[in-house]
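Throughout, read-outs are computed from the coordinates displayed, never taken from laboratory work. Keep in mind the model is a prediction, meaning the values are calculated, not measured. Positions of Cβ are generated from backbone atoms using ideal geometry, with glycine treated the same way; all protein chains shown enter the neighbour counts.
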Amino acid sequence: MIVDLDQTPLRYSATYDELSADGVTPRPHWAHLMESLREIGPEELGRRWNRAERRIRENGITYNIYSDPLGANRPWKIDILPLLIAADEWRFIEQGIIQRAQLLNLILEDLYGAQELIANGNFPAALLYANPAFLRPLVGVKVPAQSYLHMLAVDLARSPDGRWWVLADRTQAPSGSGYALENRTIVADVLPDLFRTSNVLRLAPFFRAQRQALIDLSESNNPRIVLLTPGPHNETYFEQSYLARYLGFTLVEGADLTVRDRSVYLKTVDGLEKVDVILRRVDDSFCDPLELRGESLLGVPGLVDAIIAGNVKVANALGSGLIETAAMMPFLPGLSKHLLGEELKLPSVATWWCGQKPALDWVLSHLDSVVVKPAFPTRGMEPVFGAEIPQAEKSKFADQLRTHPHEYVAQEQIALSSAPVWENGHLLSRSVVLRAYVLNTGTGWVAIPGGLTRVAETEGSVVSMQRGGHSKDAWVLWDGPIDTFSMLRPRSEPVELRRVARAVPSSVADNVFWLGRYVERAESIARVLRAMIPRVRRVDDAELGCLIRLHSCLESRYSKLPKAKNRRATSEELEQELMSLLTNIKRPDSLASTLVEVSRVGGNVRERLSGDMNFLISQLRDSIQVEHGTPFLEYPPTLTACLELLSAFSGMERENINRGSGWLFMSIGRRLERAIYLTRQLREVATPLIEQDWSFLEYLLEVADSSMSYRTRYFTTLQPVAVLDLLMADEMNPRSLDFQLKHLADLYGKLPRHQPEDLVRMQDAATSLRSFDLRQLQYPMKGGSVVAGGSDGLARLERFLRETEQLLPSWSNSLSSRYFSHARSLPITIGQ
Amino acid sequence: MNPMIYKITHRSTYKYKNPVSVGNHVACLIPRSSVHQQLNLVELNIHPHPATRTERVDYFGNCLCFFTVREPHKELIVEARSEVSVSADSMPVPRSELAWEEVARTLPRDLSQAGLEAYQFVFESNRIRIRPEFASYAQQSFTPGRPMRDALLDLTARIYHDFRFDSKVTNVRTPPEEAFRKRRGVCQDFAQVQIACLRSLNLAARYVSGYLRTYPPPGKPRLVGADASHAWVSVYSPTDGWLDVDPTNNVVPSDGHVTLAWGRDYGDVSPLRGLVLGGGAHTLKVGVDMEPVNPHGHEVLPAPPLHS
């Protein structure tokens, strides 16, 4: 067994400055950048920086930080100055990380296969057996060799003498390549001239290779590849959805997949579709609650069995987290010689795994110069800096190490190099770590030229995105020709034309359906509020009654208005209620909450929507935020602004979305929601209204945006039957009930696998609406005699509206259980 | 001596409040074969009839059955029926008086297949953590230089005497720490506590699930279905191989114990586990029946009531 105790300890007082050797003159490969910055000037640079920030917000680029008071969806922080890497230096790094990936892949192949490294004593058995990331069900399972490490991420740091060292390996579901891509897009946009003239190696060829590698992994001509995400609450969800869209894969959560007959299927609105390859961002042990961690809700029960049967390929292979531990590092130089016959090119930061006696002894006698970490991160322990342990506690800590030595690793701390960042108009120097990526194509290895540079928040602090650091782009300044391939730019060979839309997973249909419903609900509430707010202070008693009636059509369960029959709300109470309905985030039925829901369900399908649509959704969320204490009457303009955004959204919905199943669900959601509100309002008219309440009709026309149409036809005469005709029966009015029911039936009929009986139910409702002849309707008029049985038609109409009001939610439930329910229910664990 | 032959029926019944639309399950209910145990017959009956069913030998050599029930059901019955022969005379007889420290010292260096196979049972597992309290409890038996087998039997006897058999205080999820603190539990707790003790001393110990022959009170007929599944401990010594001890009954298992499966802890060998869609609240009823086909295979000794 090879223990490399003679690792060079790294202790230097100064750090390496990427920009300049003497602190004055830039290094040669930085000269061009510094020159350009001077030309651009600090003011313009500041403007560009703001533009980049805005773009980040608009694109909704986020990084969720656990336990952050700001919660999910924190904007991604980026520095506009790239880290520059000279060509020769990159060649060295590239060779080093590729060799490392090769080596780690071979180690995994052995440990999950023949385990000769163990039997021959090249690798300590204890490090394998004690490691919770060693997934025993995967031992001896045949998987394609290139899938063990489909992708490896390596965190690199540069020591004061200028050498690069590996700080950590990410071997199971490396994150960050998507952020690197997004950073590149933004920085190249902010510094276009500099980017163009710097001969920077492009990133797109790497992603092209990744897509091809995954296709090759499938051994199928037309494979279905999915990206398995832990879901929107994961820290890097944005990146996952971004990559899925960029690579053209379907983004799925565990609940979207199911195992049948030892194969994995995607639950879509068209039925089950076989999945060939899973690119996963879910950690190893969470992937299959049946055979791995029983309590996991992120995985797919039976996935391990499907892998064993050879029916699905997973990248990185399940179990690859085994070698993520830093405890591996001391063995790599020996294993490199043994497995590759080569010296390890890129050293790891000096590391001792305490599971071996000599290493433990060394650590105990050099405690002050190392940081001690858990060998198996799942055990949960913060790193301990030996020098910071109080003298009195040192022997206790040493005992802790001696009792379970294999649980600990000790590492030398490395003084990170620093690079320039642009902050508040100044060039500052910050510590950086470069995360580089290597891809296994099956026939060779490819590295992302550059990678994701992570920057410490303040000088000398720990570099970690979880702790709220920045990131920057990394440019490899090449000295030869570069491949300018773009994933979206035409290539010379013609593409095969495709009209088939991407499959729509049930969960996506679910979210899109609710997106349609919430957007329409927001519009209904906003319209009602906008009609009421300017009036509430100046109405007379009868009009106040009509306003309350209009409010009651929202059927708010959270309304604070008095419910007693004998006391009607005062205008002050109504005003309070409207304020609360507008802004109270704690009320699920408020406009503010509804917009939060729009943003939530929209976020769940972000990779399915256009950039413009995502942008609109993010604007909507903030659209009604007003300062505390804003006068009541200043709200209508805010509501108008919000309604403008909602109209923009519905415009895009009509004009910018392919008419696939996704669109059908969104439109059904919208029509359904509009029909529900409309039915309630029309029932008020059919009840019937006594004449002093007829101003209700005026409000109704305004809310339905139909005042103009009405005036064109009837001038200023306000009559219930005419309003009913326009808002209920007029098939040409997109806000009439007839229009909603007719379209619901049509849209539903286009859905795959629709249920004939549900289609008939909706068609019947539309037909019976048309059976009413409003001209025959005898609506009670002022002074007019009520003919006995004369309002029979009105009673029938009221009954029809009541039935429709019941039909709509039950029809919606039936649709949900047909298309979405299986995606929503989570399995429960039994017997364990 | 003739082998004992048993007919074993192990029946688990899940009843759900609401219908289950899909159930994915793993059963670890097929007895292993070994030098002293032979599996003559086995069948696994599942109701409702599973849509898919595959059998696979797991990492530890246990036979697992994976099945999926896809028709809506409110009741799931899994019944394992087997016939097993167990012989007493092929049980390993200790040959050496190797001190326990010597066993612990040689394990990490033993790269033979058997040695490596044993070594992995030295480490913590999901359900069994190594704790100082286990080590100090165990050290009262594992005194310096004491022969391995001696110390092991002493620890087994101490757990048997110090702990009370009580099926009310623990459940399948109770960690050994808690059972240890309460000094109470069932066979699973007894076994896991002893394993934790042994591993705390860097010894290799595994969890064995199986069945135990029970005896009716004198003069009473054998009650069908009154038996239960059982669990005990197996410990490795380079000279003796694996040695079984049953801390719940303070015996060295012989032909009254039938081995079903083994692993690092209960989690590796739980007889039946699964994930269901729907279902809501559920109840589980387990009935085990172990009938000696040749009750006079060897002389039946009047025995104390045994616990499992």
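See the values below:
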| quantity | calculated |
| --- | --- |
| P(r), alpha carbons of the protein assembly as shown - 10 Å bins starting at zero, rounded % | 2, 9, 15, 17, 17, 15, 12, 8, 4, 2, 0, 0 |
| Whole-number percent relative contact order across segment A:658-823, with pairs defined as alpha carbons under 8 Å at least 6 apart | 29 percent |
| Lys/Arg +1, Asp/Glu -1 at C-beta; the protein assembly as shown dipole; positive extreme among A:697, A:139, B:251 | A:697 |
| Residue of B:266, B:160, B:14 that the Gaussian network model of chain B assigns the largest fluctuation, springs spanning Cα pairs under 10 Å | B:14 |
| Other protein chain Cβ atoms within 10 Å, averaged over every residue that makes up B:118-126 | 5 |
| Peptide B:275-281 - average C-beta neighbours from other chains (10 Å radius) | 6 |
| Contour minus Cα-Cα distance for residue A:575 and residue A:803 (0.36 nm per residue) | 78.8 nm |
| Within 10 Å of each Cβ in A:249-262, the average number of Cβ atoms from other chains | 2 |
| Which of B:46, B:64, B:34, positive extreme of dipole for segment B:13-91 (C-beta unit charges) | B:46 |
| Charge tally in the Cβ shell below 12 Å around residue A:177, where Lys, Arg are +1 and Asp, Glu are -1, residue A:177 excluded | +2 |
| Paramagnetic reach from residue A:647 in segment A:526-567 [backbone N under 17 Å; point 7 Å along Cα→Cβ] | A:526-531 |
| Relative contact order of chain A, pairs being alpha-carbon contacts under 8 Å that are 6 or more residues apart, as % | 15 percent |
| Candidates B:51, B:104, B:88: whichever shows maximal mean-square fluctuation once chain B is modelled as a Gaussian network with Cα springs under 10 Å | B:51 |
| Helix axis angle, B:148-162 relative to chain B longest principal axis, alpha carbon, degrees | 60 degrees |
| Estimated dipole of chain A in Debye, rounded to 20 [Cβ of Lys and Arg +1, of Asp and Glu -1, Cα centre] | 1780 debye |
| Spin-label pair residue A:760/residue B:182, simplified geometry with 7 Å Cα→Cβ offset, distance in nm | 5.9 nm |
| Length-normalised contact order of segment B:100-268 in % [C-alpha pairs under 8 Å, at least 6 apart] | 26 percent |
| Helical contribution to [θ] at 222 nm, DSSP H n ≥ 4, -39,500 (n - 2.57), averaged over chain A, rounded to 500 | -13500 deg cm²/dmol |
| Positive-end extreme of charge dipole, chain A - chosen from A:99, A:275, A:723 (charges on Cβ) | A:723 |
| Using a Förster distance of 56 Å, the FRET efficiency for residue A:120-residue B:133 (Cβ separation, nearest 0.05) | 0.90 |
| Rounded tilt (10° steps) of B:187-200 against the dominant C-alpha axis of chain B | 40 degrees |
| Gain upon complete extension [residue A:552, residue A:43; 0.36 nm per residue less C-alpha separation] | 177.7 nm |
| 13 Å Cα cut-off, lysine pairs counted over chain B (separation 8 or more, or different chains) | 4 |
| At R0 = 51 Å, FRET efficiency that the Cβ-Cβ distance of residue B:150 and residue A:343 yields, to 0.05 | 0.50 |
| Magnitude of the charge dipole, chain B, Cβ model with Lys/Arg +1 and Asp/Glu -1, debye to 20 | 1040 debye |
| Inter-site label distance for residue A:24 and residue A:273 at 7 Å from Cα along Cβ, in nm | 6.4 nm |
| Pairwise FRET efficiency - residue A:397 versus residue A:185, Cβ, R0 = 35 Å, nearest 0.05 | 0.15 |
| Lys, Arg +1 and Asp, Glu -1 on Cβ, resulting dipole of segment B:1-121 about Cα centre, debye, nearest 20 | 580 debye |
